[in-house]
């Protein structure tokens, strides 16, 4: 097993070094994706990539979205022999003290997608909290599961590279805010077990959000439509698996 990290960066170049510094103690490869940042953030990213020798920098010429960036990193990970890629956001909202625990869980369960279950403080915006509930319920619906999808949107995950790579190569995946939910749904469809572990998440005052109301709601709505169609196509297979296959706990 070869583990590594991926950090997609857009408008959060100033917090990247703090995140990378926290990860450097693990002496694992880090793939940083500059997702078409402006000059200021690009300068931060470039400086960090030069400071840490274990960074592989991927540069998108224009902003392509988190999903596009992570898929690009998965293809790079597959190429260089990384078998498990830990996705971490660049904004520093997640508790970095849980990194070791997630890496260990992934080592114990190499076939599984290990995903965070956010433990929020009072700083979480209400619309964000409600949006998560909707996504969780929807993901459970299209995977024919119940109380299995504890969180469909958390960006703090360890992915097994091989199934993710096959999904990237064979199907379309949302490039923006629908990505986290869609790839989790498709991993479940693909037969990848899910293991959840709690992680503290905070929303600092003055923090930048990359959510764009019109663009991202269109992406999310289109993702929901495609996943619903996919569910009906896969319905017999999902129903049989639900009846006879035990999931990893």
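Structure summary
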quantity	calculated
Filter result (surrounded by fewer than 16 Cβ atoms within 10 Å (Cβ to Cβ), out of contact with any strand residue (DSSP E or B) (no Cβ under 8 Å at 6 or more places or on another chain) and either part of a strand (DSSP E or B) or at pLDDT 95 or above (or both)) within the range 163-206	166
Evaluation of residue 132 against (1) in contact with a strand residue (DSSP E or B) (Cβ under 9 Å, 6 or more places away or on another chain); (2) within 24 Å of residue 72 (Cβ to Cβ); (3) in a helix (DSSP H, G or I) (one fails), failing number	(2)
Residues of the range 236-249 satisfying the condition of being part of a helix (DSSP H, G or I) and modelled with pLDDT under 80	237, 241, 242, 243, 244
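The values are calculated or read from the model by the stated rules, or taken from the named source; none is laboratory data. Everything numeric here is computed off the predicted structure, so don't read it as measured data. Here Cβ is always computed from backbone atoms with ideal geometry, including for glycine, and neighbour counts include all displayed protein chains.
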